[in-house]
Amino acid sequence: MAKVELKHIKKVYDNKVTAIADANVVIEDKEFAVLVGPSGCGKSTMLRMIAGLEEISGGDMLIDGERVNDLSPKDRDIAMVFQNYALYPHMTVFDNMAFGLKLRKFPKEEIKKRVEEAADILGLTDFLHRRPKAMSGGQRQRVAIGRAIVRQPKVFLFDEPLSNLDAKLRVQMRMEIKQLHKRLNATMIYVTHDQIEAMTMGNKIVVLKDGDVQQVDKPMTLYNDPANQFVGSFIGSPSMNFLEGKIEKTDRLYFRSRDVNFSIPENIEKQVSKLVGNGITLGFRPESIYDHDYEDRAQLTEKVTISIDVTEPIGAETFIYFKANDKEFCMRSSSGLVYENGQSLNIGFDVARLYFFDSESGKRLV
């Protein structure tokens, strides 16, 4: 398989629109990397540049140490799985999977061997003589993946392959693609706008926004240690909460906002002291807010009294929504504690899980 390197890659279209500004990303051999971000962030453009389907405006693209900027897609030794399957409706599953090998004039026995091996991996052995119209969406997507497997490429590219499937089938296909990666031990690059897919599938995630790479890291590092406010908000469901305020110093340090005020605990005072007088955005995840009257494990800030707007019991846990500073916030609680709409509640924030961001740039400060 192969290492993929993007060195100062740029993509500028003829109308002077910059799709990728200056991307520097290294995807190691046998890694499963996910490109994630909102619509229009440049993730599909980046994938298409790796594939050779988009011309590179600047920088160097390397696959297995070889510069491939000027190589055609067929010469890059990659295989791509598209969102819409792109199967030939008049061909059987066998012929769809074999088509690329036939074009390359592989021997019939080698084609048969590769297709049957791929069909066995994907559970398609009993469907090789069916046509796509007689198959479900998940089965068609397996055929598209099988067509890529028979190529035995250096790099597999997936462009939002599960977006046409229903929720239950997406979960199943996520597991199957992860198992496929483990079985093939291949380099895979996967594009999605769904951060849950990104977190559950990749061992490296590239977060993009407006053509800029925001952070490249392991899934849980992105979750626990976001580089900026955008990454903190995009990674995680429900999203991270944000509260505008200031750090003030009187007898000690305080976080001040209209509805939420508390003293900064001593163990993080030194780190936070440099933010005195600055407008900051405080970030905290739903699971970092606790019922102050029941929590005795986490170190919490002082009590803040809120009024519950809406409760959403979803089984093992309950989401609690409340307003502060005219914004809505979400708290995650155990279903063992019962709350009612309109109830007054004393909450505290886990000191170890507070994030401080610059209000203007969004950059992580502490």
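Key figures
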item: From Asn203, Asn185, residue being within 13 Å of the chain's Cα centre (by Cα), surrounded by fewer than 20 Cβ atoms within 10 Å (Cβ to Cβ) and either farther than 25 Å from Phe349 by Cβ or β-branched (Val, Ile, Thr) (or both); result: Asn203
item: Within the range 330-357, tally of residues that are part of a strand (DSSP E or B), out of contact with any helix residue (DSSP H, G or I) (no Cβ under 8 Å at 6 or more places or on another chain) and either open to solvent by 50 Å² or more (accessible area, probe 1.4 Å) or within 30 Å of Val213 (Cβ to Cβ) (or both); result: 2
item: Scan of the range 305-320 for residues that are open to solvent by less than 50 Å² (accessible area, probe 1.4 Å) and out of contact with any Gly (no Cβ under 7 Å at 6 or more places or on another chain), ordered by number; result: Ile306, Thr311, Thr318, Phe319, Ile320
item: Given (1) over 18 Å from Phe262 (Cβ atoms); (2) touching a His at 6+ places or on another chain (Cβ under 8 Å); (3) among the polar types (S, T, N, Q), number of the condition Ser334 does not satisfy; result: (2)
item: Filter pass, Met175 being out of contact with any strand residue (DSSP E or B) (no Cβ under 9 Å at 6 or more places or on another chain), part of a helix (DSSP H, G or I), open to solvent by 50 Å² or more (accessible area, probe 1.4 Å) and under 23 Å from Phe356 (Cα atoms); result: no
item: The range 165-184 residues that are basic (Lys, Arg), paired with ones that are at pLDDT 90 or above (beta carbon under 7 Å, 6 or more apart); result: Arg174/Glu197; Arg174/Thr200; Arg174/Met201; Lys178/Met201
item: Considering residues of the range 115-142 that are open to solvent by less than 30 Å² (accessible area, probe 1.4 Å) and more than 25 Å from the chain's Cα centre (by Cα) only, the residue nearest to Ala186 (Cα to Cα); result: Ala118
item: Answer residue from the range 155-169, given it is crowded, with 19+ Cβ neighbours inside 10 Å and not aliphatic (A, V, I, L, M) and is nearest to the chain's Cα centre (by Cα) among those; result: Glu160
item: Residue that is most open to solvent (accessible area, probe 1.4 Å), among those in the range 49-75 that are touching a residue at least 60 places away in the same chain (Cβ under 8 Å) and out of contact with any helix residue (DSSP H, G or I) (no Cβ under 6 Å at 6 or more places or on another chain); result: Asp64
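The values are calculated or read from the model by the stated rules, or taken from the named source; none is laboratory data. Predicted, not measured: the structure shown is a model, and the values here were computed from it. Here the Cβ is made from the backbone with ideal geometry for all residues, glycine too, and neighbour counts use every protein chain on show. Protein only, heavy atoms only, side chains kept; ligands, DNA and RNA dropped before computing areas. Shrake-Rupley method; radii C 1.70, N 1.55, O 1.52, S 1.80 Å.
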